[in-house]
Amino acid sequence: MTSVERVLEYTHLVPEPIFESEQNQKPPPTWPERGEVKFVDLSMSYFPEDPPTLKHLSFTIKPLEKVGIVGRTGAGKSSLISALFLLAPTEGAIVIDDVVIQDIGLQELRSKISIIPQEPVLFSGTMRSNLDPFDEYDDEVLWKALEDVELKDSITDSQLGLNSKILEGGTNYSVGQRQMICLARAIVRNNKILVLDEATANVDPQTDAFIQKTIRRKFADCTLLTIAHRLNTIMDSDKILVIDAGKLVEFDHPHNLLKNKNGYFYKMVDQTGAALGNFLKNVAQTVSSQQYCAK
């Protein structure tokens, strides 16, 4: 009866206006070209009667910047991504490459932003349908993406190749392999903006290192937003965005944030323990020096 109750509840849900309507603007076919993301006095709440989860956020992520998003549990990290995908009602504006995303269709918006979730999502079907659900790319592009994540050989060994079956939830693959397939899917889309919800939180250290290396190599020309559950994965970011209780409290290069011993980010790093904390501070300082020399 729980299943019946759930299905009945679904029948009363108001559908999202997924496809662009006549009053919505249509962005240029090549949008976004630069990958600049601006939050302008943005607030968001999941239900009208609830207090806002995000409160008056205003900041700018420059084109191609790699930004780590940190905060304690319940601070609003995932809500920030929900706002970017317009999964809940928002006030204020989000502007991507001079286009206000609230003014365009959801289909147009979500097809232009890639996300690799913490829990890898695969669908029942074939490898091809998981990498290219809308049948938009040639097999050569799909094979190249599988090669980039080192899955090509195992798929080639299968007699069915790209038509090899993926069971419900991808249960015939390990967690690491599932995450690799999700990464390959993002490589195929090749969007200018990529969101990572700590995509390596549930894999072993070796797979973690490989995924991080692949992301830095394949998405060097993308704007990258990473929700961090482990601080060591985002210490080489261009900037760190710290959220607390739905508000933006700090936004700067990690080396600069660590100079402020009374800051939120410094305290978060310090609480990871003396050994790891010192290691993270050294990494941030090294990265800062390298970027300064490059300039």
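The values are calculated or read from the model by the stated rules, or taken from the named source; none is laboratory data. From a predicted model like this one, the values you see are computed outputs, not experimental measurements. Here the Cβ is made from the backbone with ideal geometry for all residues, glycine too, and neighbour counts use every protein chain on show. Ligands, DNA and RNA are stripped out before the accessible areas are found, and what is left, the full protein with its side chains, is counted by its heavy atoms. Shrake-Rupley method; radii C 1.70, N 1.55, O 1.52, S 1.80 Å.
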Give me the pairs, please: first residue somewhere in the stretch 202-215 and farther than 14 Å from Glu150 by Cα, second residue anywhere and buried (at least 18 other Cβ atoms within 10 Å of the Cβ) and of a type in the set (S, T, N, Q), beta-carbon distance under 7 Å, and either six or more positions apart or on two chains. Val203/Gln179
In the stretch 151-160, is there at least one residue being out of contact with any Pro (no Cβ under 6 Å at 6 or more places or on another chain), more than 27 Å from Glu198 (Cβ to Cβ) and open to solvent by less than 70 Å² (accessible area, probe 1.4 Å)? yes
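Go through Val121, Val99 for me and flag whichever is modelled with pLDDT of 90 or more and open to solvent by 10 Å² or more (accessible area, probe 1.4 Å).
Numbers: Val121 fails: modelled with pLDDT of 90 or more.
Within the list Val121, Val99, the selection yields Val99.
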The lone condition Ile211 fails out of (1) of a type in the set (Val, Ile, Thr); (2) open to solvent by less than 10 Å² (accessible area, probe 1.4 Å); (3) modelled with pLDDT of 85 or more is (3)
One residue from Asn202, Asn278 being polar (S, T, N, Q), open to solvent by 20 Å² or more (accessible area, probe 1.4 Å), in a loop (DSSP other than H, G, I, E, B) and modelled with pLDDT under 90: Asn202
Hey, any hits in the stretch 218-226 for a residue that's in contact with a helix residue (DSSP H, G or I) (Cβ under 8 Å, 6 or more places away or on another chain), at pLDDT below 90 and assigned to a helix (DSSP H, G or I)? yes
Among the candidates Val195, Val269, Val249, single out the residue that is buried (at least 18 other Cβ atoms within 10 Å of the Cβ) and free of Cβ contacts under 8 Å to residues at least 40 places away in the same chain. Val269
Six or more apart or on different chains, Cβ atoms under 6 Å: show the pairs whose first residue is in the stretch 32-49 and over 11 Å from Thr223 (Cβ atoms) and whose second is in a loop (DSSP other than H, G, I, E, B). Ser43/Pro52; Met44/Thr53; Met44/Ala88; Ser45/Pro52; Ser45/Thr53; Tyr46/Ala88
Hey, any hits in the stretch 68-77 for a residue that's over 14 Å from Gly246 (Cα atoms), open to solvent by 80 Å² or more (accessible area, probe 1.4 Å), in contact with a strand residue (DSSP E or B) (Cβ under 7 Å, 6 or more places away or on another chain) and touching a residue at least 40 places away in the same chain (Cβ under 8 Å)? no
Within the stretch 115-147, track down each residue that is within 20 Å of Gly76 (Cα to Cα) and not hydrophobic (A, V, I, L, M, F, W, C). Pro117, Gln118, Glu119
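Only one of Leu257, Leu167 is on the phi < 0 side of the Ramachandran plot, free of Cβ contacts under 8 Å to residues at least 60 places away in the same chain and open to solvent by less than 40 Å² (accessible area, probe 1.4 Å). Can you tell me which? Walk me through it before giving the result.
Values: Leu167 fails: open to solvent by less than 40 Å² (accessible area, probe 1.4 Å).
Residue meeting the stated conditions: Leu257.
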Which condition number in (1) over 17 Å from Gln107 (Cβ atoms); (2) out of contact with any strand residue (DSSP E or B) (no Cβ under 6 Å at 6 or more places or on another chain); (3) in a loop (DSSP other than H, G, I, E, B) is the one that Gly35 fails? (2)
Which one of these does Ile94 not meet: (1) open to solvent by less than 30 Å² (accessible area, probe 1.4 Å); (2) touching a residue at least 60 places away in the same chain (Cβ under 8 Å); (3) not in a loop (DSSP other than H, G, I, E, B)? (2)
Contacts under 8 angstrom Cβ, first residue in the stretch 122-142 being within 16 Å of Lys152 (Cα to Cα), partner among the small types (Gly, Ala, Ser) and part of a loop (DSSP other than H, G, I, E, B), 6 or more apart: Thr126/Ser164; Met127/Ser164
